[in-house]
1. Among the residues of region 140-152 satisfying the criterion of being touching a helix residue (DSSP H, G or I) at 6+ places or on another chain (Cβ under 8 Å) and among the aliphatic types (A, V, I, L, M), which is surrounded by the most Cβ atoms within 10 Å (Cβ to Cβ)?
2. Would you pick out the residues in region 60-72 that are of a type outside the set (Val, Ile, Thr) and either buried (at least 24 other Cβ atoms within 10 Å of the Cβ) or part of a loop (DSSP other than H, G, I, E, B) (or both)?
3. Give, as residue ranges, the helices (runs of 4 or more DSSP H) completely inside region 96-147 that count at least 1 residues that are more than 14 Å from residue 65 (Cβ to Cβ) and hydroxyl-bearing (Ser, Thr, Tyr).
4. Report yes if residue 12 is surrounded by 19 or more Cβ atoms within 10 Å (Cβ to Cβ), hydrophobic (A, V, I, L, M, F, W, C) and free of Cβ contacts under 8 Å to residues at least 40 places away in the same chain, otherwise no.
5. So, residue 169, is that one polar (S, T, N, Q), at pLDDT 95 or above and within 21 Å of residue 72 (Cα to Cα) or not?
6. Are any residues in region 163-182 within 18 Å of residue 71 (Cβ to Cβ) and among the polar types (S, T, N, Q), and if so, which ones?
7. Considering every residue within region 15-28, establish whether at least one is within 20 Å of residue 128 (Cα to Cα) and assigned to a strand (DSSP E or B).
Amino acid sequence: MTETASRMLAGVSVPDTPLVNKAIDYARENCEPYLFNHVIRSWLFAARLGQIDSIDHDAEVVAVGTLLHDITLNARFAGPRRFEVEGADLARTFATQSGVEGRRAQLIWDSVALNSTPSIGLYKEPEVALCTAGIGLDVIGWRYDALPPAEMARIVSEFPRLGMKRKMTKCFCCIVEKNPETTYDNFARDFGERFVQGYEAPSVVDLVLNAPFDE
């Protein structure tokens, strides 16, 4: 693990660097309270899973990736592409403007772009995999039992969920309603099919069979 200055946050040792503190401030300024708490918890969970599993990784990259992974769930950042891709571009711009270069900046982009695609993200570089894992723990409870109950309780107590399930569902449904074409091949499709009247995603089977080739 790359050596950096550290501090304790909700009982978890995390990097204490200008880059990380700048990312925290950026997330706080641009996220609703429930969303800010979500990205903080995701970061803490990612950090703990890395420690528990003794995974060598760049702690600053994991911090920035998790802290900024949902930055485009705010209406002001709405764009025409999948919210993960819009967010990945914003996170990489934030990183490069903060002095992060090359592979590290690309790992941040990948961490954000793949944050909701664990079937890929968990098999990428350690930084991307840890971001994916931490986010997955907070959203769907993936590896919930990996953390001792007292640690989990402290993290959730210091950064409460604030109705995240309900608010995140509303947010995803809003994306489906405003930009349905960005949801056909990701998890937001499930929210559209469950909650948004009239939503109908095209079938990949039809796309394959109707491709403009003879056979």
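The values are calculated or read from the model by the stated rules, or taken from the named source; none is laboratory data. Model, not experiment: these values are computed from the prediction. Counting neighbours? That spans all protein chains shown, and the Cβs are built from the backbone with ideal geometry, glycine included.
1. Of everything passing the filter in region 140-152, 147 is surrounded by the most Cβ atoms within 10 Å (Cβ to Cβ).
2. 63, 65, 67, 68, 69, 70
3. Passing ranges, in order: 118-121.
4. So residue 12 does not fit the description; no.
5. So residue 169 fits the description; yes.
6. Of everything in region 163-182, those that are within 18 Å of residue 71 (Cβ to Cβ) and among the polar types (S, T, N, Q) turn out to be 179, 182.
7. Within region 15-28, one or more residues are within 20 Å of residue 128 (Cα to Cα) and assigned to a strand (DSSP E or B).
Quick grid of which residues meet (1) outside the structural domain of residue 112 (by TED's automatic domain parsing); (2) closer than 22 Å to residue 84 by Cβ:
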{"position": "148", "(1), (2)": "no, no"}
{"position": "155", "(1), (2)": "no, no"}
{"position": "169", "(1), (2)": "yes, yes"}
{"position": "177", "(1), (2)": "yes, yes"}
{"position": "180", "(1), (2)": "yes, yes"}
{"position": "194", "(1), (2)": "yes, yes"}
{"position": "198", "(1), (2)": "yes, no"}
{"position": "201", "(1), (2)": "yes, yes"}
{"position": "211", "(1), (2)": "yes, no"}
